[in-house]
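Heads up, the thing below is written out as structure tokens.
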Amino acid sequence: MADITVVTTFHKPGLEKYAQRFLNSFAQRVDKKIKLLVYAEQCDPVNPDPQQITIFDQFEALPKLNEFKSRWSNDPKANGIPPAEIKARRPRDWHKEFKWNAIRFSNKVYAVFDACERSSDWCVWMDADSFIHSDWSYEEFIKLLPEDKWLTYVGRGKGSQTWPECGFYGMNVKHPMCKQFLAEFERFYVDANNGIFELEEWHDSFVFGHILNLLKNIDANVYDYSADMYLREAKTGGGGHPLINGPLGKFMDHMKGGRKDQGKSKPSDIMVTRQEEYWKR
């Protein structure tokens, strides 16, 4: 039986707004054979099940993250302010800070790097602004992680030229291609001037998608949860909330963006017929 380790991270405002609810729902509904590693950033969450959930102090557990922040925390380009050439090239969206906030999203990627080293088979990233709404057995979970795939992720549909929806993705850490992916992913941060800052955007989802696309040219044996979701091709993707409209929506909701204020995805986000009681309410 393959081990499954889930990983997440959050800061104090996130803990208060959504993450404690996520931890409680995970402990209540996810099979106890599936473990959760939490990297808490300057906050003290209540652990609802210490046998299933391990909580680390992020600063103590992730020295490589501390090094990255120490190097780049005072550089505007790493904190949401793109250089002049990007402002000139992208007058419509250069002000969207998240696209160029490498510091903000480095918490996530360095938690992933560390958790993968602690995992023996599958390591799964799950955003802490998620909510597990239905019982999730080990058998149902492992079906979403095919053993012959080196990575699973939530894409945006055929023809999409935008980044994946990185609220959930799985890494088959023993697979040689996954090892290559993780090594390249980390290199882009360690050598940032020749890595993330060479890209068009440098939030984690863009970096993730860039490296994934490169390595799919070598081995395309990955699983996209949304591959058959959208019928027409679109450069920007077929929809704004693919995670809940695919197989993951059977078990979880993802309150990305402003949905955190409501504590649930919007009715207009649903593009398919969902049978779960959570979505009927």
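Does any residue of the stretch 141-159 turn out to be among the hydroxyl-bearing types (Ser, Thr, Tyr), within 26 Å of Arg259 (Cβ to Cβ) and within 14 Å of the chain's Cα centre (by Cα)? Within the stretch 141-159, one or more residues are among the hydroxyl-bearing types (Ser, Thr, Tyr), within 26 Å of Arg259 (Cβ to Cβ) and within 14 Å of the chain's Cα centre (by Cα).
Could you tell me which of the residues Lys99, Lys108, Lys87 is exposed (fewer than 15 other Cβ atoms within 10 Å of the Cβ), part of a helix (DSSP H, G or I) and either within 19 Å of the chain's Cα centre (by Cα) or free of Cβ contacts under 8 Å to residues at least 60 places away in the same chain (or both)? If you could, list the steps in order and put the result at the bottom.
Working: Lys99 fails: exposed (fewer than 15 other Cβ atoms within 10 Å of the Cβ); Lys108 fails: exposed (fewer than 15 other Cβ atoms within 10 Å of the Cβ).
Just a single option satisfies the conditions, and that option is Lys87.
More than 22 Å from Asp204 (Cβ to Cβ), out of contact with any His (no Cβ under 6 Å at 6 or more places or on another chain) and of a type in the set (Gly, Ala, Ser), is that true of Ala40? Outline the logic, then answer.
Values: more than 22 Å from Asp204 (Cβ to Cβ): no; out of contact with any His (no Cβ under 6 Å at 6 or more places or on another chain): yes; of a type in the set (Gly, Ala, Ser): yes.
Here the answer is no, as Ala40 does not meet what is asked.
Take Met255 and tell me if it is farther than 23 Å from Phe98 by Cα and out of contact with any Leu (no Cβ under 6 Å at 6 or more places or on another chain).
On the way: farther than 23 Å from Phe98 by Cα: no; out of contact with any Leu (no Cβ under 6 Å at 6 or more places or on another chain): yes.
No, not satisfied.
Scoring Asp191 on the criteria (1) modelled with pLDDT of 95 or more; (2) surrounded by 15 or more Cβ atoms within 10 Å (Cβ to Cβ) leaves a single failure, condition (2).
Quick check on the stretch 120-139. Is at least one of its residues part of a helix (DSSP H, G or I), out of contact with any strand residue (DSSP E or B) (no Cβ under 8 Å at 6 or more places or on another chain) and modelled with pLDDT of 95 or more?
The initial filter retains those residues of the stretch 120-139 that are part of a helix (DSSP H, G or I), namely 138-139.
Applying the additional criterion that residues be out of contact with any strand residue (DSSP E or B) (no Cβ under 8 Å at 6 or more places or on another chain) yields 139.
Of the ones still in play, those that are also modelled with pLDDT of 95 or more are 139.
Looking through the stretch 120-139, at least one residue is part of a helix (DSSP H, G or I), out of contact with any strand residue (DSSP E or B) (no Cβ under 8 Å at 6 or more places or on another chain) and modelled with pLDDT of 95 or more.
Counting only residues that are surrounded by fewer than 20 Cβ atoms within 10 Å (Cβ to Cβ), assigned to a helix (DSSP H, G or I) and not basic (Lys, Arg), the stretch 151-181 holds 3 of them.
The condition (being basic (Lys, Arg), under 29 Å from Asp114 (Cβ atoms) and in a loop (DSSP other than H, G, I, E, B)) is satisfied by just one residue among Lys264, Lys260, Lys256: Lys256. Per the conditions (1) closer than 21 Å to Ile244 by Cα; (2) among the aromatic types (Phe, Trp, Tyr); (3) part of a loop (DSSP other than H, G, I, E, B), the sole criterion not satisfied by Trp202 is (1).
Within the bounds of the stretch 25-35, is there any residue that is hydroxyl-bearing (Ser, Thr, Tyr) and in a helix (DSSP H, G or I)? Checked against the condition, which is being hydroxyl-bearing (Ser, Thr, Tyr) and in a helix (DSSP H, G or I), the stretch 25-35 yields at least one hit.
Can we say Lys69 is under 18 Å from Phe10 (Cα atoms), of a type in the set (Lys, Arg) and either surrounded by 12 or more Cβ atoms within 10 Å (Cβ to Cβ) or in contact with a Leu (Cβ under 6 Å, 6 or more places away or on another chain) (or both)? Don't jump to the end; show me each part of the working.
Details: under 18 Å from Phe10 (Cα atoms): yes; of a type in the set (Lys, Arg): yes; either surrounded by 12 or more Cβ atoms within 10 Å (Cβ to Cβ) or in contact with a Leu (Cβ under 6 Å, 6 or more places away or on another chain) (or both): yes.
The answer is yes for Lys69.
Report yes if Lys69 is assigned to a helix (DSSP H, G or I), touching a helix residue (DSSP H, G or I) at 6+ places or on another chain (Cβ under 7 Å) and free of Cβ contacts under 8 Å to residues at least 60 places away in the same chain, otherwise no. Yes. Counting the residues of the stretch 204-230 that are over 29 Å from Val272 (Cα atoms), touching a helix residue (DSSP H, G or I) at 6+ places or on another chain (Cβ under 9 Å) and not aliphatic (A, V, I, L, M) gives 1. Residues of the stretch 26-46 that are more than 19 Å from the chain's Cα centre (by Cα) and surrounded by 17 or more Cβ atoms within 10 Å (Cβ to Cβ): Ala27, Cys43, Pro45.
Of all the criteria given as (1) under 29 Å from Leu36 (Cα atoms); (2) surrounded by 22 or more Cβ atoms within 10 Å (Cβ to Cβ), the one not satisfied by Ala78 is (1). Scanning the stretch 262-281 for residues that are among the hydrophobic types (A, V, I, L, M, F, W, C) and surrounded by 13 or more Cβ atoms within 10 Å (Cβ to Cβ) turns up Ile270, Met271, Trp279. Residues of the stretch 1-25 that are surrounded by 18 or more Cβ atoms within 10 Å (Cβ to Cβ), within 22 Å of Leu151 (Cβ to Cβ) and among the hydrophobic types (A, V, I, L, M, F, W, C): Ile4, Val6, Val7. Do the conditions hold for Glu85, that is, is it acidic (Asp, Glu) and at pLDDT 95 or above? Judged against the criteria, Glu85 is not a match.
The values are calculated or read from the model by the stated rules, or taken from the named source; none is laboratory data. Nothing here was measured: the structure is a model prediction, and the numbers come from that model. Don't worry about glycine lacking a Cβ; one is built from the backbone with ideal geometry, like all the others, and counts go over all protein chains shown.
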